[in-house]
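The values are calculated or read from the model by the stated rules, or taken from the named source; none is laboratory data. Computed from a predicted model, the values in this text were never measured in an experiment. Counting neighbours? That spans all protein chains shown, and the Cβs are built from the backbone with ideal geometry, glycine included.
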């Protein structure tokens with residue numbers, strides 16, 4: 001029996017989300033420093049997130065066929081490292097989009113398959129997922145704080161070098177992971193993916209959490225710039241980003257004790273209501289540090305809790321050898337389609353109606369999603385799976 005390599009898995013999550021922190025928090029200012037407009041930045045980042053629509057399912061299908069899913073993760077790390085080298089080149093807008101598309105093709109091979117790989121290592125202990133995944137949030141926090149401090153002194157041009165260094169470290173660490181137990185790799189197929197997709201509740205769930213990711217578009221693309229436009233420094237921006245993910249970390253530690261005992265439909269609906277309040281406050285209280293601190297704490301619900309619920313939903317609906325493609329569908333439809341459309345829309349809205357009104361529109365959208373989740377997912381398999389002790 002192969003033991004669970006928790007420390008190494010946690011380290012890989014930390015490195016992966018440290019790089020996510022660089023892209024989410026600092027791609028906007030980095031591209032702005034290169035002379036690109038708000039609309040162009042929205043489109044370019046939309047191309048990056050849009051690669052999640054197709055790429056994860058291809059890699060998930062490949063991972064379900066290969067005897068060692070880890071190889072898919074390692075190929076993704078190698079390819080994204082090579083593609084990231086393109087950010088060192090003097091790029092026009094089309095060149096930037098091509099580099100980000102190539103980067104996304106491989107980068108998006110990693111996280112869905114890595115989540116599946118982690119669940120496979122955990123075997124009969126899936127509740128321990130959040131205890132390992134939390135190190136991704138810690139890596140995100142660390143990088144946000146470090147980058148916020150560094151970019152007050154250093155130019156944004158150093159960002160690609162930091163990304164490449166992190167990717168190389170990830171690749172080296174992945175080589176130390178042990179092979180999965182044979183029993184895990186040979187788990188039988190329980191039906192087909194298409195059988196699951198014939199269930200309306202599955203599609204509705206993906207639509208709802210996809211809308212939530214869409215609503216994160218202005219945050220992911222413009223939050224740092226929005227703060228700087230209202231007089232806050234890069235260091236303050238990095239601290240606020242880190243605070244939001246700290247709330248996510250705390251909930252990741254708490255959730256394993258309660259996830260199987262809660263009605264996840266109610267928890268999802270509550271989280272979406274809180275997200276609606278977060279976007280409303282971010283749009284109209286950006287001058288107040290106290291308000292921003294409170295609003296960033298809601299990130300634990302608007303992203304962390306909803307992601308944990310989504311992982312559990314995919315685990316329940318796509319078991320065994322369907323897990324790789326199920327996780328890829330989640331990644332592609334939610335982070336790919338939802339995220340890319342959110343980035344495109346935020347770039348257009350930001351340049352046409354301004355930041356405050358853009359966040360207001362996302363608040364309304366999240367409120368609608370909460371209503372649909374509460375009334376539409378009664379048969380979504382989200383009821384408590386374990387009675388409280």
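Here are a few things to note about the model shown:
- Candidate set from region 336-364 (those that are surrounded by fewer than 24 Cβ atoms within 10 Å (Cβ to Cβ) and within 19 Å of the chain's Cα centre (by Cα)); member that is farthest from residue 230 (Cα to Cα): 337
- Filtering 3, 76, 60, 11 for residues that are surrounded by fewer than 21 Cβ atoms within 10 Å (Cβ to Cβ), closer than 28 Å to residue 123 by Cβ and within 20 Å of the chain's Cα centre (by Cα) leaves a single hit, 11.
- Helices (runs of 4 or more DSSP H) fully within region 13-99 counting 3 or more residues that are farther than 20 Å from residue 341 by Cβ and in contact (Cβ under 8 Å) with a residue 60 or more places away in the chain: 55-65, 70-84
- Test: residue in region 378-387 that is free of Cβ contacts under 8 Å to residues at least 40 places away in the same chain, at negative phi and over 20 Å from the mean Cα position of the chain (by Cα): no
- Answer residue from region 283-298, given it is in a helix (DSSP H, G or I) and free of Cβ contacts under 8 Å to residues at least 40 places away in the same chain and is surrounded by the fewest Cβ atoms within 10 Å (Cβ to Cβ) among those: 290
- Which listed residue, of 301, 344, 313, is in a helix (DSSP H, G or I), within 20 Å of residue 197 (Cβ to Cβ) and in contact with a helix residue (DSSP H, G or I) (Cβ under 7 Å, 6 or more places away or on another chain): 313
- Residues in region 122-145 that are assigned to a helix (DSSP H, G or I) and surrounded by fewer than 22 Cβ atoms within 10 Å (Cβ to Cβ): 122, 126, 127, 128, 131, 138, 142, 145.
Each row is one residue, and each column tells you yes or no for (1) modelled with pLDDT under 95; (2) assigned to a helix (DSSP H, G or I).
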position	(1), (2)
147	yes, yes
152	yes, no
158	yes, yes
162	yes, yes
172	yes, yes
177	yes, no
189	yes, no
208	no, yes
227	yes, yes
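- Leading residue by the ranking (nearest to residue 157 (Cα to Cα)) among those in region 87-101 that are crowded, with 18+ Cβ neighbours inside 10 Å and touching a helix residue (DSSP H, G or I) at 6+ places or on another chain (Cβ under 6 Å): 87
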